[in-house]
Amino acid sequence: MASERGSPFNPISMALDAQRSALETMTQATESNTELPDAMETLETVEVGGTPSEVVYTENKLELLHYRPEEAGIEPEETHDVPILIVYALINKPYILDLQAERSVVRRLLEAGHDVYLIDWNEPSRMDQHLTLDDYVNRYIENCVDEVRERSGQEKINVLGYCMGGTMSAMYAALHPEKVNALGLMAAGLCFQGTGGILEEWGSDEYYDPEEVTDTFGNVPAEFLDVGFALMDPVDNYVSKYVRFYENLENEDFVENFGRMERWLSEGIDVAGEAYDQFLTDLYQENKLYHNEMYLDGEHVNVENIDMPVLQIVGEYDHLIPADASKPFNEVVGSDDVTTIEFSTGHIGLSVSSSSHEEVWPEVCEWYADRAPDEASVETEDAPDDVTEAAEAAVEEVSAEGSAEEEPTEESSDSPGVDTVDGIGPTYADRLADAGIETVADLAASDAAEVAEITGAPVSRVEGWFDQTG
């Protein structure tokens, strides 16, 4: 009976094939190992965040960066008057938005003619562990917004918040809608009602108490956060990506891209303990922002006040902030101009994937350009509104009172400047100086309501300044 097999079993041929395969594997491994030193050197020397910028404002640890397109060789065909302030997350460093020239969100905005600023929070110290979300939103972001408004001469500016920075940007827009022209929210966690994926499940109050972490560490260590994020996809983060790296040692572009991402992932930032606790409890566990029950230092964060144009930029495969943790927020804001861009990428891919830069960011740039304020609605010096008139009247009144004194008192002349008061940045200090309030003693002798009118700051914040003068 004839055999159905095409050829008989040949043990010698099988052994030779196995030997040949082993030799080929050894040869490839030897060649890869030869490439490894060069690849490792590339990882150590790779450059990031190359778009030129200057620091135009500082407060505590934060730096406000202003990007300079002319120094980057960028010459847009048209420019836009209303600047964009990027509010980055409190976790990791912001150069993920400027990773390399062809994958830089910052450069895409500059190339489209936008004037771009970015808040770099930097690392909080042990002394910053008691910073709250109110400090970040109503103090730091507020002061940066005022700085950008003053530098640009615009009453309202555009805001683009990323991840946790997007959540805080939404809070800011709800509290200060008069200063925001258009609000962009990129991969922002805004709604957690079974929609927040693994992080929402892990952060449930059934399993997790953030106070136990902050009571132990003060600030939440970057390493603690990094391990948590990595464990969301442990096989890829601890095995597969290194296999891909080894298989592509000869591909210089791959090695450089790998090096940039690994550098960013390894340079984590600690998070201020109180802000972390509040973020986990109020947002993830109690979903207060979505339900319009969020308060910052006693002030209601009324999301119905978000009446400016809103753009949501979400990743279809984002496992950190799933699209369904962002999109429902569109239904509760007060704006009737809401746009959603959902793209087939992940959380980081929105910033760095080549397809995002080809398809998403040109659309984002156009969206901001199309929402430039109408000239008729822009306030002019010849037609101030009631608030401006009241502020100017308050300035004149305080200035007149100050001029009535022929000489400053000894207490006033020895008193430190108002910019030494926590929460009074250059913008507020300049406005106070114009009204004759230059020192802490001058501030203490003033009236809180008048100071609020002069600076445009909430009375509750001004009262906090006065508390420091006692």
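When peptides 158-167, 303-312, 138-147 are ranked by their average number of other Cβ atoms within 10 Å per residue, the highest-first order is 158-167, 138-147, 303-312.
For region 57-123, compute Rh as the Kirkwood radius over C-alpha pairs and then the Stokes-Einstein diffusion coefficient at 20 °C and 1.002 mPa s; write the answer in µm²/s, rounded to an integer. Rounded to a whole number, D works out at 171 µm²/s.
Seen from Ala323, the other residues with C-beta closer than 11 Å to its C-beta sum to a net charge of -3, counting Lys and Arg as +1 and Asp and Glu as -1.
In the context of the full set of protein chains, residues of region 250-373 present 41 Å² of accessible surface per residue (probe radius 1.4 Å, heavy atoms only). Heavy-atom surface analysis with a 1.4 Å probe gives region 89-134 a carbon and sulfur content of 51 percent of its accessible area. Normalised per residue, the accessible area of region 102-195 is 26 Å², obtained with a 1.4 Å probe and no contribution from ligands, DNA or RNA. For the set Ile348, Ile424, the ranking by accessible area, highest first and with no ligand, DNA or RNA atoms included, is Ile348, Ile424 under a 1.4 Å probe. Straight-distance candidates among the lysines for linking to Lys93, with alpha-carbon spacing under 22 Å and chain neighbours fewer than 8 residues away dropped: Lys61, Lys241. Bridging of Lys156 to lysines at a Cα separation below 20 Å is possible for Lys179, once same-chain residues fewer than 8 apart are set aside.
Over all Cα atoms in region 97-178, the spread is summed up by Rg and Dmax: 14.1, 40 Å.
Tell me the carbon and sulfur percent of the accessible area for region 234-369, rounded to whole percent, probe radius 1.4 Å. Carbon and sulfur atoms account for 44 percent of the accessible area of region 234-369.
The values are calculated or read from the model by the stated rules, or taken from the named source; none is laboratory data. Model, not experiment: these values are computed from the prediction. Ideal geometry is used to build each Cβ from the backbone, glycine not excepted, and the neighbour counts take in all protein chains shown. We work out accessible area using only protein heavy atoms, side chains counted, and drop any ligands, DNA or RNA first. Shrake-Rupley method; radii C 1.70, N 1.55, O 1.52, S 1.80 Å.
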